[in-house]
Every structure is written in C-alpha cells, then in structure tokens.
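Some notes on the structure that comes next.
The values are calculated or read from the model by the stated rules, or taken from the named source; none is laboratory data. A quick note: this is a predicted structure, and the numbers were derived from the prediction, not measured. Please note: Cβ atoms are built from the backbone with ideal geometry, for glycine as well, and neighbour counts cover all protein chains shown. Quick note on the areas: whole protein, heavy atoms, side chains included, nothing else; ligands and nucleic acids left out. Shrake-Rupley method; radii C 1.70, N 1.55, O 1.52, S 1.80 Å.
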Amino acid sequence: MKSTTFVLALFIFVSGCASGSSSNSTPTAEDAKKFMDEVNQTAFDLALETGQAGWISQTHITDDSSALYARANQRLIDKIAHYAKEAVRFDKVDVAPELRRGLDILKVSLVMATPSNPKEGEELTKIAANLDATYGKGKWCEDPKKPESCLDINQITDIMRESRDEKKLRQVWEGWHTISPQMREEYTRFVELSNKGAGELGFTDTGAMWRSKYDMPADEFTKELDRLWEQVRPLYVKLHAYIRMKLRQQYGDVVPEKGPMPAHLLGNIWAQDWSNVYPIARPANADPGFSLNDILKNRKISPQDMVKTGERFYTSIGFAPMPQTFWERSMFTKPRDREVVCHASAWDVDNIEDLRIKMCIQPTDEDFRTIHHELGHNFYQRAYKDLPFIFRDSANDGFHEAIGDTIALSVTPEYLVRIGLLDKAPDATRDIGLLLDRALEKIAFLPFGLLIDQWRWKVFSGEVKPENYNKAWWDLRLKYQGVAPVAPRGNEFFDPGAKYHVPGNVPYTRYFLAAILQFQFHRALSEAAGCKTALHRCSIYESADAGKKLSNMLAMGMSQPWPDALEKIAGTKQMDATAILDYFKPLDAWLDEQIKGKPVGW
Ligand SMILES: [Zn+2]
C-alpha cells in the first residue's frame with residue numbers, strides 16, 4: 001500500500017511539473033542536471049524567506065510571526081518534498097557521482113515531511129509552529145494570579161543551577177513540567193501527520209527517515225550507536241555511582257544508595273549536564289582552584305565581549321572574523337519587552353554570510369562554552385557557502401554540533417591565562433578537579449544524547465502508543481541514565497515536551513554523535529598542533545596547522561560521505577570513542593578508588 005501511494009504521488013507531481021521533461025520519455029543525465037540546478041536555485045530562494053521569517057518568529061513571538069513563519073516554512077517543505085519525490089525519476093539514470101550524491105541527499109533531506117494533501121500539510125506545519133511557540137512561551141507560575149511569580153526556562157535554569165534546597169528544586173522541577181501536558185494531543189497528531197508525509201517519500205515512518213541520512217543502512221547506523229555507547233558506558237556507570245554517593249551525602253535518603261538518582265537533583269532541569277553539582281562532588285585535594293563563573297561575574301564581562309572572545313579563538317587559528325552584520329543582527333541578550341525563544345541557536349539566514357547567533361547570554365561558564373559551540377556552526381556555515389546549495393551542510397549532522405564543542409575543549413586553563421582571564425594555570429595535581437568538572441558535562445550527557453531519539457524512534461514507529469508516551473520516556477531515562485522522578489509521572493504528563501527538541505522537532509542523535517566526535521577531533525587536532533601534554537590540557541589556540549586541517553574539512557560541507565570527512569581530520573573513517581577514554585584516563589582511575597566497595601549501577 002505504501003508504494004502505491006508513493007507512485008501515485010509521484011505521478012501527480014510529475015504530470016504537473018514545470019521543469020519540462022514529459023513523464024513518458026526516459027530522463028537523461030542532462031535532465032537530471034537541469035533538475036538539480038532548479039532544486040538548488042529554488043531551495044536557496046525559499047530558504048531565505050524561511051530564514052527571515054524563522055528569525056522573527058523566534059525573536060518576536062506573536063501569533064502573527066508564528067503564522068508567517070509557518071507559511072514560509074510550508075512553502076519550502078512542500079517544494080523540497082515534491083522535489084524529493086521527483087528525484088526518484090533519476091534513480092536509474094547514469095549521472096556523475098556528484099550529481100548522484102545530490103539526488104540522494106535530496107531524497108532524505110527533510111526532518112519533517114508534510115503530507116501531499118494540502119489541508120493535512122497545512123495542519124502539520126501549523127502544529128509544528130504551535131508546539132515550538134508553546135515551548136518558547138512556556139512559564140511556570142507559583143501563583144498564577146501573580147505574574148511576577150512566573151518563571152521562564154532561564155529562571156528555572158538559574159534555580160536548578162544554584163539551589164541546594166531539595167524541596168525547592170523539586171517544586172521547580174515539577175513546575176517546569178507543567179508546560180508540556182497541553183502539548184500531548186498536538187504531538188500525537190504531529191506524529192500521525194508527519195509519518196504520513198514520510199510514508200509518501202517511501203519511508204516507513206519519520207524516525208526511519210531520520211536514520212537514513214548517515215551514508216549507511218539504517219540498521220548498521222543503529223549498531224554503530226550501540227558500539228560507541230558500549231565503549232563509554234563503563235565510565236558513565238562509574239561516574240553515576242560516584243555522584244549518587246555524593247548526592248546522598250548532601251541530600252540524605254531522598255537519594256537511594258543503590259537505585260536511580262532523582263531527576264531533580266543534578267543541577268539541570270533535564271539531568272543532561274551535571275556540571276552544577278560539581279561543588280557537591282569536588283575532590284578534596286584536586287580542585288582546580290578557580291571558577292570561570294566567578295571570573296566572568298567579577299569582571300562584569302558583557303555578552304558582546306564574551307562573543308568577541310569566542311570569535312577570537314577562531315580567528316587565532318586562521319578563520320576570517322564574523323561579518324559586521326553578525327554584530328548588528330544577532331540577539332545576545334533577552335529583550336525586556338517581548339517573548340523570545342532563548343534556547344541558543346546559530347543561523348545562516350541567507351545561506352551565504354548573514355550569520356547570527358540567538359542567545360540570552362548570562363556571564364556563566366556554561367554560556368561561555370555555548371558561545372563557542374554556536375560560533376562553530378557559523379564558521380562551518382561560512383566554510384561551505386560556495387558549494388551547490390544541496391551540499392551546504394555538515395558531513396553529517398553530528399559534525400555540525402561537534403565543531404564548536406571541539407573548540408570549547410581547547411578552553412583550557414593555559415588558554416584562559418593566554419587571553420588574560422586567569423593569572424596562573426593550576427598544576428597537574430589539580431587535574432582530577434578539571435576532569436571531573438568536564439566529565440559532569442560531557443560524560444553525563446552521553447546517555448541523554450542517545451535516549452531522546454530512542455524514544456522518538458519508538459513513538460514514530462508506533463511501538464510506543466500515545467497512552468504510553470510518558471511511561472516509555474521514563475523507562476528509557478532509567479535504562480540509559482539511571483535517573484528517575486521522585487513521584488510517579490503518569491500519562492497525564494508529557495515530560496518529553498518539557499525538552500525543547502521534542503516540541504521543536506529537532507533530531508537529537510546528532511548531539512550524541514557530536515559528543516563522541518568532538519573528542520576524536522580534539523585528539524587529532526591536538527596532534528596536528530604538536531601538543532605534548534596530556535590530552536585534556538591541549539589547546540589548539542593560535543595553531544595554524546590545526547586550523548588548516550579543520551577548515552579543509554569544513555569546506556567539504558556535505559559533498560562527500562561523512563567517513564571521508566572524518567578521515568580528513570582523524571585519519572580514519574570510523575567513529576571512535578576511545579579518544580574520550582584517553583581524555584578522561586586519570587579520572588577513570590580516580591573514580592575506581594572513590595567507589596571501591598560502594599554500589600555501582602542501578
Ligand atoms: Zn548546536
């Protein structure tokens with residue numbers, strides 16, 4: 001039945017197609033080339049409109065700006081969906097490898113495929129924009145009659161970071177999760193309609209469509225993820241055991257000795273980054289002795305200067321500075337007069353060099369690193385701007401997320417000294433403190449990075465039904481993260497919706513891949529930079545050699561399969577999590593000491 005729908009849709013489109021060739025004649029390589037030229041030009045034009053409308057819809061949230069964005073986005077998606085279907089016509093045509101790759105990418109390029117039925121297509125696009133806006137406007141009000149008691153995600157984030165009051169943390173955690181039950185019905189419909197669209201493109205469901213983008217069969221890709229997770233899981237389990245022990249010392253019996261950790265005590269609303277519990281877990285004699293949070297706050301550094309500092313890293317390894325428009329058009333701070341989506345993102349509005357970042361920057365270590373992350377997107381975007389439009393993307397989506405983080409790994413104490421933020425770098429006896437701090441961000445994230453799409457793939461495939469959405473969510477959080485809620489979370493809740501990427505419909509596996517790749521990149525670039533110290537003390541700041549290697553890879557965009565791009569930097573075509581183990585080696589041994597004779601696992 002699927003293939004009938006597919007052929008029918010194809011026929012309807014081809015018969016109404018303006019690009020010339022009749023559906024009766026056999027298409028030629030020339031036709032394929034013409035077709036691809038049209039795709040590149042049309043997508044480029046429509047992407048500009050979508051980019052502009054999208055920017056406004058996130059920086060001035062109103063019903064109108066959401067509607068305008070939804071409309072522009074629908075035009076783009078419809079067009080790409082039509083082109084993706086038409087691309088099948090050239091499956092058997094003998095074309096040049098570059099053109100073949102372009103056609104293949106086109107067929108799997110959508111994150112969300114709208115059904116060809118215009119009413120359903122419009123409904124889906126509207127739902128997608130609504131879900132995004134519901135999240136953006138999300139607030140929890142302790143007293144709904146008092147607007148001043150309402151907290152947005154930024155304020156929630158602050159409390160999760162700073163408070164050590166278990167009751168308060170629990171109240172805020174539960175409060176934030178009240179923004180999402182209202183999304184559940186819309187999300188259910190979203191799944192139905194987006195699956196229908198994916199079906200018309202020949203995929204069994206939206207999750208299968210997402211998995212098909214990795215230059216290998218979907219099953220093989222899933223196995224790759226398992227392999228990488230197995231490489232790092234032992235280290236995660238040790239970290240989990242240590243932190244659980246420390247939280248128990250801090251909070252008492254609310255933290256079990258053996259079971260999963262409570263989701264609200266890890267310093268982050270999603271327990272995806274545990275950096276903020278570092279003060280509870282810091283090693284007695286190996287604390288690095290400085291806090292970037294304090295330095296940034298004490299110096300009263302402005303958001304603009306934080307971004308300038310980030311930019312300077314990239315220029316130090318040979319990249320050209322950001323264009324003037326970047327400074328004029330970016331959003332660095334939260335406006336006081338309107339609703340915005342504060343969730344940090346990087347934009348390339350015209351797909352040439354209208355680069356921007358959108359953040360509500362605060363003077364914290366976390367935001368300082370996020371700036372490096374977002375700038376990584378911008379420098380990548382500009383590096384591939386001269387390729388045909390279809391190739392203006394990263395080798396795979398994990399690469400895009402990995403680049404800025406790779407640079408952030410070079411934000412070492414020695415680097416902070418070189419740019420004048422720190423007087424003196426701590427000696428090697430303090431390494432455990434530095435590494436634990438880093439592990440609380442990077443290692444803690446890995447299972448979370450994996451499970452979001454594990455959940456969505458099951459939801460899209462129908463393995464998890466709407467009545468089990470929330471249960472399946474917590475099953476996976478238990479299985480991978482070893483984290484659980486303190487009170488039952490029945491299906492009257494929709495806790496996945498309290499994480500931006502679910503209502504925002506942003507695939508998440510990319511962040512897991514990025515978490516692995518960034519260490520592999522860091523190891524390889526540090527070698528190129530001639531770094532002789534332990535891997536975690538290497539910074540590629542001011543290394544032209546490392547910069548050259550990096551920029552060569554970035555400029556490839558998506559024009560080659562990702563293993564080839566990986567090889568450009570890492571000298572191998574295979575992803576490898578052993579760089580993580582290298583980086584954290586001293587910490588791994590130290591954790592063994594700390595948890596000796598203590599319960600491990602959950
Ligand atoms: Zn990113």
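Here are the numbers for the structure shown:
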read-out: Selection within region 83-129 - at pLDDT 90 or above and polar (S, T, N, Q); value: N117
read-out: Scope region 110-120; condition out of contact with any helix residue (DSSP H, G or I) (no Cβ under 6 Å at 6 or more places or on another chain) and either among the small types (G, A, S) or in a helix (DSSP H, G or I) (or both); matching residues; value: P118, K119
read-out: Residue list for region 565-578, filter: free of Cβ contacts under 8 Å to residues at least 24 places away in the same chain and assigned to a helix (DSSP H, G or I); value: E567, K568
read-out: Options L517, L434, L476, L450: the member that is at pLDDT below 95 and farther than 22 Å from L169 by Cβ; value: L434
read-out: Qualifying residues in region 374-389 (those that are within 22 Å of P563 (Cα to Cα) and aliphatic (A, V, I, L, M)) - the one farthest from the ligand (Cβ to nearest atom); value: L387
read-out: Whichever residue in region 419-434 is part of a helix (DSSP H, G or I) and among the small types (G, A, S) and, among such residues, is surrounded by the fewest Cβ atoms within 10 Å (Cβ to Cβ); value: A428
read-out: In region 292-345, residue most open to solvent (accessible area, probe 1.4 Å) [restricted to those that are within 16 Å of the ligand (Cβ to nearest atom) and in contact (Cβ under 8 Å) with a residue 40 or more places away in the chain]; value: H343
read-out: Region 255-283: number of residues that are open to solvent by 10 Å² or more (accessible area, probe 1.4 Å), within 17 Å of M160 (Cα to Cα) and touching a residue at least 12 places away in the same chain (Cβ under 8 Å); value: 8
read-out: Matching residues, region 500-558, being open to solvent by 20 Å² or more (accessible area, probe 1.4 Å), within 16 Å of the ligand (Cβ to nearest atom) and in a helix (DSSP H, G or I); value: R510, Y511
read-out: Complete set of residues in region 349-373 that are within 16 Å of the ligand (Cβ to nearest atom), open to solvent by 10 Å² or more (accessible area, probe 1.4 Å) and either touching a His at 6+ places or on another chain (Cβ under 7 Å) or under 22 Å from A514 (Cα atoms) (or both); value: R356, E366, D367, R369, T370, H373
read-out: Every residue from region 29-68 that is open to solvent by 60 Å² or more (accessible area, probe 1.4 Å) and in contact with a Ser or Thr (Cβ under 8 Å, 6 or more places away or on another chain); value: K34, E38, I56, L68
read-out: Qualifying residue in region 220-240 (condition: touching a strand residue (DSSP E or B) at 6+ places or on another chain (Cβ under 6 Å), assigned to a helix (DSSP H, G or I) and either at pLDDT 95 or above or not β-branched (V, I, T) (or both)); value: no
read-out: Cβ pairs under 7 Å, 6+ apart, first in region 579-602 and open to solvent by less than 70 Å² (accessible area, probe 1.4 Å) and at pLDDT 95 or above, second of a type outside the set (S, T, N, Q) and not in a helix (DSSP H, G or I); value: P599/E257; P599/K258
read-out: Within region 76-89, tally of residues that are closer than 22 Å to G136 by Cβ and open to solvent by 50 Å² or more (accessible area, probe 1.4 Å); value: 0
read-out: Criterion: within 16 Å of the ligand (Cβ to nearest atom), open to solvent by 30 Å² or more (accessible area, probe 1.4 Å) and touching a residue at least 60 places away in the same chain (Cβ under 8 Å) - qualifying residue of D397, D437, D453; value: D397
read-out: Selected residue (only one of A402, A408 is within 13 Å of the ligand (Cβ to nearest atom), modelled with pLDDT under 95, of a type in the set (A, V, I, L, M) and surrounded by 20 or more Cβ atoms within 10 Å (Cβ to Cβ)); value: A408
read-out: Qualifying residue in region 463-476 (condition: within 16 Å of the ligand (Cβ to nearest atom), more than 19 Å from F221 (Cα to Cα) and not charged (D, E, K, R)); value: no
read-out: Search result, residues across region 338-380 that are more than 18 Å from P323 (Cβ to Cβ) and touching a Leu at 6+ places or on another chain (Cβ under 8 Å); value: P363, T364, D365, F368
read-out: Condition met for R392 (away from the ligand (no atom under 15 Å from the Cβ) and under 19 Å from the mean Cα position of the chain (by Cα)); value: yes
